[in-house]
Amino acid sequence: MAHPPIDLHTHSSVSDGTETPAALIASAARAGLGTVALTDHDTTAGWAEARASVAGTGMTLVPGMELSTRLGLNSVHMLGYLFDPTDSALVAETARLRDGRLHRAERIVARIGADYDIVWDDVLAQASDGATLGRPHIADALVAKGFAADRSAAFAGILHWRSGYYEPHEAPSPLEGIRLIREAGGVPVIAHPATRGREPNVSVESFARLVDAGLLGVEIAHRENTEAGRQRLRELADRYDLIVTGSSDYHGDGKPNRLGENTTDPRQLDRIVAAATGSEPIQG
Ligand code: AMP
Ligand code: ZN
Ligand code: FE
Ligand code: FE
């Protein structure tokens, strides 16, 4: 019998998704998911609402996060599952990250504001209180002002890293990110590592270092991983016996990604749950 689909990468309005955690859980139920992970950028602020919302749905919630890390100019996203959300090092680092993202977004908007009629309040109007701010909220403000047709168009134009307005935000290295998640009892899974242009990161040498630091898994089935990159990732996953996941990276209406468009094998989810010591899945 086919098992209910498992989608381990989604965003709510607590970061840059367009649905509240409650609405996201309702969407996941409508999409027929059996298990959904909430993985907002650099925050666990949506866990409580998601946990309450999953009750009575029959779905399983896997609490998680997508931790921002950086290697030079490249941003590297590290999914963390089932860690202790009160771990003091992780709490401090994510607070620092959110603060750095806020000031970076203000600087980007100031630069855009020199050429377009847009101010910081326009961006704040697009984010829920305390949300992890990022380019998606600037994109929404640009759309509201009529300077872009939708988020994707804004990312392809004014918000592109080559546009002249871009700057990266401060973030720990991928190795530090992995260690933080492990020390909080969580399971680090590197997110979409083989997006176009990033294939050099998918090397034996770079993965050896990540695995040495405690990396446990790799997200292979993701719409932005290239075909050639996925092949390399499957080889690396075999070599290092890594957990393999597939997920949607759903952002509500903010991205074309649909819930359940990529899924994870239940045996791989079992490995995540077995490796975690920080928290447990919530059976709704
Ligand atoms: P930032 O982290 O602020 O540099 O912004 C990048 C984030 O924007 C990534 O996490 C993407 O998932 C997210 N994002 C949301 N919607 C889009 C979109 N339509 N196109 C590209 N990136 C998007
Ligand atoms: Zn995002
Ligand atoms: Fe990501
Ligand atoms: Fe994501």
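What FRET efficiency comes out for SER163 versus ARG267 if R0 is 51 angstrom and r is the Cβ-Cβ distance? Round to the nearest 0.05. FRET efficiency, SER163 to ARG267: 0.75. Applying Stokes-Einstein at 37 °C and 0.692 mPa s to the Kirkwood radius of the range 46-194, computed over alpha-carbon pairs, gives a translational diffusion coefficient of 195 µm² s⁻¹.
In the chain, the longest principal axis of the Cα atoms and the axis of helix 135-144 are about 50 degrees apart. Among THR18, LEU38, GLY72, whose Cα lies farthest out toward the positive end of the dipole of the range 9-72, if unit charges sit on the beta carbon of Lys, Arg (+1) and Asp, Glu (-1)? Farthest towards the positive end: LEU38. Give the Kirkwood hydrodynamic radius (Å, one decimal) of the range 126-209, defined as one over the mean of 1/r across all pairs of different Cα atoms. Over the range 126-209, the inverse of the mean reciprocal pair distance is 15.6 Å. Its Cα gyration tensor gives the chain an equivalent ellipsoid. The semi-axes, each the square root of 5 times an eigenvalue, are 28, 22, 18 Å from largest down. Measuring how big the range 45-124 is from its alpha-carbon positions, Rg and Dmax come out at 17.1, 51 Å.
Estimated from helices alone, the mean residue ellipticity of the chain at 222 nm is -11500 deg cm²/dmol (sum of -39500 (n - 2.57) over DSSP H runs with n ≥ 4, per residue).
To the nearest 0.05, how large is the calculated FRET efficiency for HIS3 and ALA228 if R₀ is 25 Å and r is the Cβ-Cβ distance? Given R0 = 25 Å and the Cβ-Cβ separation, E is 0.30. Taking the Cα centre of the chain as reference, the dipole from Cβ charges on Lys and Arg (+1) and Asp and Glu (-1) amounts to some 480 debye.
Relative contact order for the chain: 26 percent, from Cα pairs under 8 Å spaced at least 6 residues apart, divided by residue count.
Rounded to the nearest 10 degrees, the angle from helix 266-275 to the longest Cα principal axis of the chain is 90 degrees.
Here the chain has 51 percent of its accessible surface on carbon and sulfur atoms, given a 1.4 Å probe and all protein chains in place. Centroid-to-centroid, using Cα positions, the range 1-51 and the range 172-188 are 22 Å apart. Which Cα, out of LEU61, ASN262, LEU8, lies furthest along the positive dipole direction of the chain (beta carbon charges, K/R +1, D/E -1)? Going by the Cα projections, it comes out as ASN262.
Extension gain for the segment ALA125 to LYS145, taken as residue separation times 0.36 nm less the Cα-Cα distance, is 6.0 nm to one decimal. Accessible surface area normalised per residue over the chain is 43 Å², counting heavy atoms of protein chains with a 1.4 Å rolling probe. Here the range 102-156 has an Rg and Dmax of 10.1, 28 Å, counting Cα atoms alone.
For the chain, the longest principal axis of the alpha carbon atoms and the long axis of helix 227-240 meet at an angle near 40°.
The values are calculated or read from the model by the stated rules, or taken from the named source; none is laboratory data. Since the model is a prediction, treat every value here as computed from it, not as a measurement. A quick note on method: Cβ atoms are made from the backbone with ideal geometry, for glycine too, and the neighbour counts reach across all protein chains shown. These accessible areas exclude ligands, DNA and RNA; they are computed on the full protein's heavy atoms, side chains included. Shrake-Rupley method; radii C 1.70, N 1.55, O 1.52, S 1.80 Å.
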